[in-house]
Amino acid sequence: MADDAAIVNLLSRLIEFDTTSCNSNLNLIDFTQSYLQQRGIKSELAFDETRQKANLFATISGPENVPGIVLSGHTDVVPVTDQDWTKAPFNTTIEDNKLYGRGSTDMKGFIAVCLALTEDIQQADLKQPIHFAFSYDEEVGCLGVRTLLEELKHREVIPAACIVGEPTLMQTIRAHKGKISQRCHVHGHACHSSRIDEGLNAVEYAAQIITYLHELSLRIEQDGPFDEEFTPAYTSVHTGPVQGGSVLNIVPEYCTFDFEFRNIPEHDGNKLLQEVKDYAEKSLLPRMKKKNLKAAIRFEELSEIPAFSSATDLPLTQLCLSLSPYDKAGKISFGTEAGLFQNLGMQAIVCGPGNIDQAHKPDEYIEISQLQSCRQFLTQTIHNATQSII
Ligand SMILES: [Zn+2]
C-alpha cells in the first residue's frame, strides 16, 4: 500500500528536475523509466524531433486485449524567472502541511501519486489495464502529447478512458474551454514621418484588427452563446503583446500582435478566427493595397487546444463522481489535454490534486491532504478496475 511518505519522496524527486518547458525533460523521464523498470514495467518513449523531450507511456498491469484506463499528467512546468519566490523552486520545502516547489500542484503531485501506486496496481487483479501517460510541452499549447496520441491511434486496442490529473481539488471536471492562439503579422511601408503620403503605417492597420477583435469580444459578451457553468460564461477574446515601430519619425513598416479565443465547447473558435481573417483580408487589405502594393497581413497559429465536453452519463464520469466528495461534475476555463484524448474516441475527465489558484505562481504549493485525497481516489479507481470495465 502506497503511503504518504512515499508520495512526498517521489514528488520531491520530481520537483528537483527543472523541467521548465524550454528545457529537456529527459532526466525526469529517465528517472521515471528506471523506477518502473525496477518493478518489471517496460515504458515506451515518444520523442520530439530534437530528441531532447519525450512522452512516456507504460502499461502497468492488466489484460492486454482490453481497452484500459490512462492516468495522464504533464511533466513540464512554467518558468520561475521574474517571479518572487521566497523558497527554492526546485527543492521541496514542507511547512504547515503544505509542500512547496515548482510543479507541486501543476502537476507533478498527480504523477507522484500515480508512481507511488505502481505496486498496488501490479498487485490488483485487474479486469481492465491501467496505463500511465506522462507528456512534455503541455504548458506551451499541449504540444507534446500529440506525438503520443498519434502512436496510440494506430494501436489495435485504443484505451477506453483517460483521467487527466490537472489540479481541480479532486473535483470531477467534465468540460473545459478550447483555446486558439494566433500571431498576426501586418506589413506596411516605411518612410519619414514628414511624408506619410509615401508610407503605409503597419501599426495603424494592426490597430484596426485589434479594434475588430475587441468589438467581437463585446458582441459575444452581450449576445453569447452562454454556458453559465463557465466563468466567464462565454467565449473570451483577448489581445496580448503588440510590437511595432522603432522611432516616432519613421512610419512603422511592420507590426505584430498576439491574440486568443477561449471558446466554450458549443462555440466554434475556428469560425470566429475565420471571421477575423475575412475582415483583415477582404476588407482591410484591399484598402491597404490601394496605398501600397507591398501591404500584407499574415496569420500564424501559435497553438490550438480543442474544447472538451463529456456527457454526465458516461461510465467514466459516473465512476469519478461516485468517488468524489462533490455531488456534481464541474466545468473549468483553463485548457488541458483532455480534449485531445477525447478526439481519439476515449472517455475523458479532468480530476487531480491541488488548486489551480496555486499553479504558475511564486511559492507554488500543494496541501499534503490533497495528495492523500488523490491517493484514495486512485486506489478506488484501481479497485473498480478489478470489479468492472469502463
Ligand atoms: Zn497543468
Residues Lys282 and Ser388, FRET efficiency given R0 of 56 Å [Cβ-Cβ distance, rounded to 0.05]: 0.50
Per DSSP H run of at least 4 residues, take -39500 (n - 2.57); add these up for the chain, divide by its residues and hand me the 222 nm value, nearest 500 deg cm²/dmol. -9500 deg cm²/dmol
Rounding to the nearest 10 and keeping the result within 0 to 90°, find how far the Cα-based axis of helix 4-16 lies from the longest principal axis of the chain. 30 degrees
In degrees, nearest ten, helix 269-278 long axis to first principal axis of the chain (Cα): 10 degrees
Inter-part gap, Cα centre of region 13-66 to Cα centre of region 342-358, in whole angstrom, is 19 Å
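Rounded to the nearest 0.05, what FRET efficiency do Thr81 and Ser194 have when you use their Cβ-Cβ distance and R0 = 51 Å? Mind showing how you got there, number by number?
Values: r = 42 Å, r/R0 = 0.82.
Taking R0 as 51 Å, the efficiency between Thr81 and Ser194 is 0.75.
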Could you tell me whether region 1-144 comes out rounded, prolate or oblate from its Cα gyration tensor? Rule is a ≥ b ≥ c as square roots of the eigenvalues, rounded for a/c under 1.5, then prolate if a/b exceeds b/c, otherwise oblate. oblate
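For Glu228 and Val242 in the same chain, what is the full-extension length gain: residue separation times 0.36 nm, less their Cα-Cα distance, in nm?
Details: separation 14, 0.36 × 14 = 5.04 nm, distance 3.16 nm.
Extra length available between Glu228 and Val242 comes to 1.9 nm.
List Lys331, Lys282, Lys53, Lys277 from most exposed to least, where exposure is judged by having the fewest other Cβ atoms within 10 Å. Could the numbers behind the result be given before it?
Working: Lys331 20, Lys282 9, Lys53 25, Lys277 15.
Ranked by crowding around the Cβ, least crowded first: Lys282, Lys277, Lys331, Lys53.
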Hz values of 3J(HN,Hα) by residue in region 282-289 - Karplus curve (6.51, -1.76, 1.60), Gly and Pro given as x: 9, 9, 7, 4, x, 5, 5, 5
Relative to the present Cα-Cα distance, how much length would full extension add between Arg51 and Asn91 at 0.36 nm per residue of separation? 11.8 nm
Using alpha-carbon coordinates, inclination of helix 202-223 to the longest axis of the chain, degrees: 50 degrees
Restricting to Cα pairs below 8 Å that are 6+ residues apart, what does the relative contact order work out to for region 92-244? Please round to a whole percent. 12 percent
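What net charge is computed for the residues neighbouring Ala307, neighbours being all others with C-beta under 11 Å from the C-beta of Ala307, Lys and Arg scored +1, Asp and Glu -1?
Charge balance near Ala307 sits at 0.
With N set to the residue count of region 285-373, report its C-alpha Rg divided by 2.2 N^0.38 Å to two decimal places.
1.75
Quote the relative contact order of region 178-304 in percent (integer), defining contacts as alpha-carbon pairs under 8 Å separated by 6+ residues.
43 percent.
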Relative contact order [Cα under 8 Å, 6+ residues apart], the chain, whole percent: 25 percent
Just need the Rg to Rh number for region 340-379, please, alpha carbons only, Kirkwood Rh. 1.11
Distance from the Cα centre of region 72-143 to that of region 260-320, in angstrom? 31 Å
Any of Lys177/Lys291; Lys177/Lys289; Lys153/Lys177; Lys98/Lys331; Lys53/Lys153 with alpha carbons more than 32 Å apart? Name them for me. Lys177/Lys291; Lys177/Lys289
Residue by residue through region 243-260, what is 3J(HN,Hα) from phi via Karplus (6.51 cos²θ - 1.76 cosθ + 1.60, θ = phi - 60°)? Round to whole Hz and write x for glycine and proline. 9, x, x, 10, 10, 5, 8, 10, 5, x, 8, 9, 9, 9, 8, 9, 9, 8
What does the charge count around Ile173 come to, taking other residues whose C-beta lies under 11 Å from its C-beta (Lys +1, Arg +1, Asp -1, Glu -1)? +1
Proxy reagent accessibility, fewest Cβ within 10 Å first, across Phe377, Phe299: Phe299, Phe377
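Is the shape of the chain rounded, prolate or oblate, going by the alpha carbon gyration tensor and its root eigenvalues a ≥ b ≥ c, with a/c under 1.5 for rounded and a/b larger than b/c for prolate?
prolate
Read-outs: derived from the displayed coordinates by stated rules, not from any lab. In this text the structure is predicted, and so the values were computed from the model without any measurement. Cβ coordinates were reconstructed from backbone atoms using ideal geometry, including for glycine residues, and neighbour counts include every protein chain displayed.
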